Amino acid sequence: MNQTLTNRRATNVLLCVSFLLVGLLLVGCGQQSGVPGAVALASEEAQTESAPSDAPAESVGSPDVQEFTSCGGQKTVKVSKELAGQDLADALMDQWKRDHPEANWVTEERQKHAFNPPADNSHLLQGDQGKGHTYGNYTERDLLTWARETEKFVAEGSRIFHSAGELGSTVGVSCDMCHPHAANTHPETYPKFQVQLGRVALLRDMIDWCVENPVRGKHMDPDGPTMRALEAYIMAQRQGVPMNYGKH
Ligand code: HEC
């Protein structure tokens, strides 16, 4: 699949942006702690006129500018100190995309709260479905219950994925701002060695990494309801993609 290949290539190149995100955490924590109203929920009308490339060189040290170290410290990215939420996520991703024009990060249109339906199990109602077996004799009602309960679980994950507040973000950033439709989350590639963690990671470890770094929230209980819901939504979005653990 073309898109899968493109995504993989993008992921490889994107390793580098993780340094930028760590920089965001390290530099931003100190600089933003005193900013009042840092929590601002993103709006679709968010303006991005203070994109980093607009910042003149003389603005170094200006109180209006916050600096982020990018890609192993080779480059400094400047964004307006006023930025939070979608503006901040956009500004950092814009700058990163300018530096990596070959990467195709956003492959799908942003469309909030759209998720794949669960698998169609109607084959269970056809022909001989094993009468007398413990799990035989399903009814249409059973199938509807499974689908409804599963969808509810995934919808809850979608809600949290799209909500800076639910994620506990201190900068008004939610996952969809960088991963519309959960794009580029690649759940099918886990477990795999993650460079920024220095160890083999499960999907939940990378979710937690993004919660703590770009989203600037608190470490999430790996078995808590929030993490379970996020994992469910991310997996649902990759329905039909073959499992390929360890893939970079
Ligand atoms: C500011 C942008 C940004 C935000 C916000 C963000 N991420 Fe990420 N995320 C990234 C980048 C960049 C990477 C690639 C890092 C890498 O591969 O080294 C990434 C990687 C990931 C991965 C691993 C992808 C892979 O190919 O293995 C997962 C899973 C993930 N993010 C989930 C989330 C979740 C869940 C949230 C919300 C809690 C979130 N991200 C918020 C930028 C973001």
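Would the range 226-234 turn up any residue that is within 10 Å of the ligand (Cβ to nearest atom) and farther than 21 Å from SER163 by Cβ?
Taking every residue of the range 226-234 in turn, none turns out to be within 10 Å of the ligand (Cβ to nearest atom) and farther than 21 Å from SER163 by Cβ.
Show me the helices (runs of 4 or more DSSP H) found entirely inside the range 121-229 where at least 3 residues are more than 19 Å from ALA89 (Cβ to Cβ) and out of contact with any helix residue (DSSP H, G or I) (no Cβ under 6 Å at 6 or more places or on another chain).
140-161
Mind counting the residues in the range 182-191 that are more than 6 Å from the ligand (Cβ to nearest atom) and either free of Cβ contacts under 8 Å to residues at least 24 places away in the same chain or closer than 13 Å to GLY157 by Cβ (or both)?
2
Could you please give the count of residues in the range 163-180 that are more than 9 Å from the ligand (Cβ to nearest atom) and under 9 Å from the mean Cα position of the chain (by Cα)?
1
Here is a check on your reading of the model: is TYR245 in contact (Cβ under 8 Å) with a residue 24 or more places away in the chain, in contact with a strand residue (DSSP E or B) (Cβ under 9 Å, 6 or more places away or on another chain) and surrounded by fewer than 16 Cβ atoms within 10 Å (Cβ to Cβ)?
The answer is yes for TYR245.
Please determine whether any residue of the range 185-203 is modelled with pLDDT of 95 or more, among the acidic types (Asp, Glu) and closer than 19 Å to SER163 by Cβ.
No, every residue in the range 185-203 fails to be modelled with pLDDT of 95 or more, among the acidic types (Asp, Glu) and closer than 19 Å to SER163 by Cβ.
Taking the stated definitions as given, is VAL106 surrounded by 11 or more Cβ atoms within 10 Å (Cβ to Cβ), modelled with pLDDT of 60 or more and within 24 Å of the chain's Cα centre (by Cα)?
No.
The values are calculated or read from the model by the stated rules, or taken from the named source; none is laboratory data. Note that the structure is a prediction, hence the values are computed from the model and not measured. Every residue, glycine as well, gets a Cβ built from its backbone with ideal geometry; the counts of neighbours run over all protein chains shown.
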